[in-house]
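Reviewing the structure listed below.
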Amino acid sequence: MTLRPARAEDASSLAAIAIEVWVGTYLRDGVSGFFADYVFEHLTPDAFRALIADPKEHIVVSERGQGIDGFIRISEDKPAEVSGCSDVEIATLYLQPRHHGQGIGQALLRRGLEICASLGAPNPWLMVNAENVKARAFYANQGFDEVGHTFFRIQDGAYRNEILTYRPDKK
């Protein structure tokens with residue numbers, strides 16, 4: 001496994017992984033046209049190319065075998081909706097589900113936390129789907145505490161997300 005900064009040519013791979021993980025996380029009862037349209041509008045190679053080019057965004061990919069299997073995205077100037085968090089967000093940590101349990105997510109998170117520390121943000125925050133029990137347990141084991149919640153709103157649906165912040169002294 002190799003960790004490296006994302007490059008423009010990674011955009012389509014990042015979009016494919018994002019779609020795979022997002023659909024698996026949020027769409028448990030089938031895929032409606034509305035959600036499909038949302039995915040194909042927001043999780044595109046062009047959207048990822050723009051993120052890669054943005055100096056306030058930091059994307060690190062995990063690469064092995066024939067390509068990318070996961071990535072972490074750190075976003076600067078993103079205050080949380082609750083107090084006690086820095087303004088640096090771990091916006092995305094996506095790993096293809098078939099690669100869970102192999103230490104890749106931990107490695108990506110460690111690299112992401114190093115980036116956060118280099119940005120002067122020892123307590124970055126993130127959001128995780130409240131129903132994603134495995135992800136919540138993963139983050140708790142890595143030193144994150146739940147400090148509040150928010151909702152991801154799309155059309156007339158609201159999906160609870162827990163807000164977590166990193167506590168390095170907890171690890």
Checking S75 against (1) more than 13 Å from the chain's Cα centre (by Cα); (2) of a type in the set (S, T, Y); (3) at pLDDT 90 or above, the condition it does not meet: (1)
Pair list, Cβ < 8 Å and 6+ apart or interchain, from the stretch 109-123 residues that are within 13 Å of T92 (Cα to Cα) and modelled with pLDDT under 95 to residues that are surrounded by fewer than 21 Cβ atoms within 10 Å (Cβ to Cβ) and not small (G, A, S): none
Selection status of G84, over 14 Å from the mean Cα position of the chain (by Cα) and free of Cβ contacts under 8 Å to residues at least 24 places away in the same chain: no
Only listed residue being open to solvent by 20 Å² or more (accessible area, probe 1.4 Å), among the charged types (D, E, K, R) and farther than 21 Å from A16 by Cα, chosen from D46, D77: D77
Of the criteria (1) under 14 Å from the mean Cα position of the chain (by Cα); (2) under 24 Å from V39 (Cβ atoms), which one Q106 fails: (2)
The stretch 1-23, residues that are of a type in the set (D, E, K, R) and farther than 15 Å from E41 by Cα: R4, R7, E9, D10
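The values are calculated or read from the model by the stated rules, or taken from the named source; none is laboratory data. Since we're looking at a predicted model, the values are computed, not measured. Cβ atoms come from the backbone with ideal geometry, glycine included; neighbour counts cover every protein chain shown. The protein model used for the area step is the full one, side chains on, heavy atoms only, and it has no ligands, DNA or RNA in it. Shrake-Rupley method; radii C 1.70, N 1.55, O 1.52, S 1.80 Å.
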